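The values are calculated or read from the model by the stated rules, or taken from the named source; none is laboratory data. Only a predicted model underlies this, so the values are computations on that prediction, with no experimental measurement involved. So basically every Cβ, Gly included, is an ideal-geometry build from the backbone, and we count neighbours across all protein chains shown. Areas reflect the complete protein model, heavy atoms only, side chains present, ligands, DNA and RNA absent. Shrake-Rupley method; radii C 1.70, N 1.55, O 1.52, S 1.80 Å.
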Amino acid sequence: MPELAPILLILDIDETLLYASEKRLEKEPDSRVGPYFNYVRPYLQEFLQCCNEHFRLAVWSSSSADYLNAIVAEILPKGLKLEFVWSRERCIQRFDGEVQEFYYVKDLRKVQRMGFDLDRMLIVDDTPKKVERNFGNAIYAKPYFGDPEDSELRGLSGYLKSMAALANVRSVEKRGWRNNCSNKD
Ligand SMILES: [Mg+2]
């Protein structure tokens, strides 16, 4: 059997890898971009290193392109190969009648159109609504708001590693991932 290409792992930024806030928290920010104080999620560098070893990587955020590009330059290691960095412009806008609000959705068919296989694509996001079209590809992270004790990325690294050799990521139930990973909280 020919060896399969590595799974594409698409990472969200805000509240998944980083907390950017106009309000300064008690602790020192890791950096600043525009009006934002940036707090990088604990274990980010180890997490990215692990992901980079086992996956092809991409970033998809529902924030503006200017902000996103500045953040990516600031928090991701130089030289990290990314298949794409997509911002709000690539999201689909939906209206939630219940709360009378617009929200953004990341539709993986757009990624599929670039030639990537939907069976071999994972997306990590803290907001399930943003991946509502592709819950079978989604892994939900707890939202990060600057807690220095947070260890979500450490647990997630272990879990993702266990998925790296799967032929079809959609065949696996991922909602209880915290109970299935080697580094439990
Ligand atoms: Mg987010």
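Observations, loosely collected:
- Within the accessible surface of the range 1-115, defined with a 1.4 Å probe on protein heavy atoms only, the carbon and sulfur portion equals 47 percent.
- For the range 8-179, averaging the sequence separation of C-alpha pairs within contact (under 8 Å, six or more residues apart) and dividing by the residue count gives a relative contact order of 27 percent.
- Compactness of the chain as Cα Rg over 2.2 N^0.38 Å, two decimals: 1.01
- Going by accessible surface with a 1.4 Å probe and the largest first, Arg56, Arg113, Arg41 read Arg113, Arg56, Arg41.
- Per-residue SASA entry for Asp126, accessible area with 1.4 Å probe, Å² rounded to 10: 20 Å²
- Shown for the chain: lysine pairs separated by 8 or more places, or found on different chains, whose C-alpha atoms are under 24 Å apart, numbering 25.
- Evaluating 6.51 cos²θ - 1.76 cosθ + 1.60 at θ = phi - 60° for every residue in the range 27-36, the Karplus couplings come out as 7, 5, x, 6, 6, 10, 9, x, x, 9 Hz, glycine and proline recorded as x.
- Ranking Glu101, Glu152, Glu3 from most to least accessible surface, computed with a 1.4 Å probe over the protein chains only, gives Glu3, Glu101, Glu152.
- Other residues within the sphere of radius under 12 Å centred on the Cβ of Ser61, judged by their own Cβ, net out at -3 (K and R +1, D and E -1).
- Tyr43 accessible area, 1.4 Å probe, all protein chains in place, Å² to nearest 10: 80 Å²
- Residue-wise HN-Hα couplings along the range 75-80, as the Karplus relation 6.51 cos²θ - 1.76 cosθ + 1.60 with θ = phi - 60° gives them from phi, are 9, 8, x, 4, x, 5 Hz; Gly and Pro carry x.
- A 1.4 Å probe run over the chain, with the rest of the protein chains in place, finds 53 Å² accessible per residue.
- Anisotropy class of the range 30-116 from Cα gyration tensor, a/c 1.5 cut: oblate
- GNM flexibility winner over the chain from Ala73, Ala164, Ala141 (Cα, springs under 10 Å): Ala73
- Exposure of Tyr159 as accessible area (Å², to 10), given a probe of 1.4 Å and all protein chains: 10 Å²
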